[in-house]
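Notes follow once the structure below has been shown.
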Amino acid sequence: MNPQYETIARWLAPSRRGVAFTGAGVSTESGIPDFRSPDGIWARTQPVGFDEFLRSADARYEYWRQKSESHRGFFDAEPNLAHQALARWESLGRLRGVVTQNIDGLHQLAGSRSVLELHGTAREIACLDCAARYAAEPLVEEFTTTQRVPECPKCGGMMKHATISFGQSLEVDILQESSRWSRDTDFFLVMGSSLVVQPAASLPGIAKRNGARLIIINREPTPLDALADVVVNADIGETVDGIQQALDDLQSHPGHDS
Ligand code: NAD
Ligand code: ZN
């Protein structure tokens, strides 16, 4: 077994307020493409920025067209081993929860209860004028059938997915809570993030400066690898499986110390 799995398991086992930080890479094994891989979303489409969305009806149409296209992939996707392991480690009291950049809602579907969604959720639509929220599914269906961008049923306002578009600010409360978790942890586990977008790029540093162990699991190197205690450049599924086995071994040989 990869000795890194045992090291990670030994840090995770006694932790009571560990934090998992996840990016698009945690959901690729559920069939949802990430942004930056060669077959990622950016290889195919140019996302609509928030300013354009506000300015132009054509941009709003293009936004809804793209979102409706990616919608099926999201809604048919199921949580994978990694989502399940994080939910289990939370229920066992090892993790405080998950901070995620993902908008797919798969952590909650896997059973995670404390999830901070930095970039919002694609499972809901939000009115930009009155802040009402609606389930995404029926509105996406409506758009697909009518090809008309829906308006808020309550106030007639502009509606978009409850996700943070380029140029749109993050929610301050969620950001502050994520920083708090990062300051107050002994175990910070990054999974499947390129760590190039803020604030993703800053949370691991906050954790590390406050004494946490920093573990990065990602196929490719990230700019924060030099800061980490352990870097695993491998697929997330097999790595999580290895860590779980190492945890199980620790459980059955608690006194074993070599
Ligand atoms: P990213 O695309 O920038 O990086 C993903 C990283 O994960 C890459 O470095 C890639 O090498 C790695 N990776 C992919 N699959 C992996 C696997 N199976 N095992 C190990 N590593 C793997 O994603 P990001 O850092 O999350 O940032 C981009 C933005 O994309 C986020 O803000 C997020 O909102 C959005 N996004 C979300 C989803 C989703 O909700 N599932 C999907 C695409 C994009
Ligand atoms: Zn409204």
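The values are calculated or read from the model by the stated rules, or taken from the named source; none is laboratory data. Predicted model, so just to flag it, every value in this text is computed and none were measured. Here Cβ is always computed from backbone atoms with ideal geometry, including for glycine, and neighbour counts include all displayed protein chains.
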Q: Check whether at least one residue in the stretch 39-49 is touching a residue at least 12 places away in the same chain (Cβ under 8 Å), in a helix (DSSP H, G or I) and more than 16 Å from ligand 2 (Cβ to nearest atom), and report yes or no.
A: yes
Q | Every residue from the stretch 219-249 that is among the β-branched types (Val, Ile, Thr) and either part of a loop (DSSP other than H, G, I, E, B) or within 14 Å of ligand 1 (Cβ to nearest atom) (or both) | A | Thr222, Val231, Val232, Ile236, Thr239, Val240, Ile243
Q.
Can you tell me which residue is nearest to Ser30 (Cα to Cα) among those in the stretch 202-218 that are more than 9 Å from ligand 1 (Cβ to nearest atom) and among the hydrophobic types (A, V, I, L, M, F, W, C)?
A. Ile216
**Q.** Criterion (within 12 Å of ligand 1 (Cβ to nearest atom), under 24 Å from Ala228 (Cα atoms) and assigned to a loop (DSSP other than H, G, I, E, B)) met by exactly one of Asp34, Asp104
**A.** Asp34
**Q.** Single residue of the stretch 107-119 satisfying the filter (in a helix (DSSP H, G or I) and without any contact (Cβ under 8 Å) to a residue 40 or more places away in the chain) that is surrounded by the fewest Cβ atoms within 10 Å (Cβ to Cβ)
**A.** Leu109
Q: Could you tell me which numbered condition Gln66 fails, if it satisfies all but one of (1) of a type in the set (S, T, N, Q); (2) surrounded by 15 or more Cβ atoms within 10 Å (Cβ to Cβ); (3) not in a helix (DSSP H, G or I)?
A: (3)
Q. Of Asp248, Asp257, which residue is modelled with pLDDT under 95 and within 16 Å of Trp11 (Cα to Cα)?
A. Asp257
Q: Look at the stretch 120-155 and say how many of its residues are in a loop (DSSP other than H, G, I, E, B) and either within 15 Å of ligand 2 (Cβ to nearest atom) or surrounded by 14 or more Cβ atoms within 10 Å (Cβ to Cβ) (or both).
A: 11
(Q) Looking at the stretch 178-196 only, could you name the residues that are in contact with a Leu (Cβ under 9 Å, 6 or more places away or on another chain) and within 21 Å of Pro221 (Cβ to Cβ)? (A) Phe188, Leu189, Val190, Met191, Leu195
**Q.** Answer from Leu54, Leu86 - the residue that is more than 24 Å from Leu195 (Cβ to Cβ), part of a helix (DSSP H, G or I) and among the aliphatic types (A, V, I, L, M)
**A.** Leu54
(Q) Condition first: part of a helix (DSSP H, G or I) and surrounded by fewer than 24 Cβ atoms within 10 Å (Cβ to Cβ). Now tell me which residues in the stretch 182-218 satisfy that. (A) Ser182, Arg183, Gly205, Ile206, Lys208, Arg209
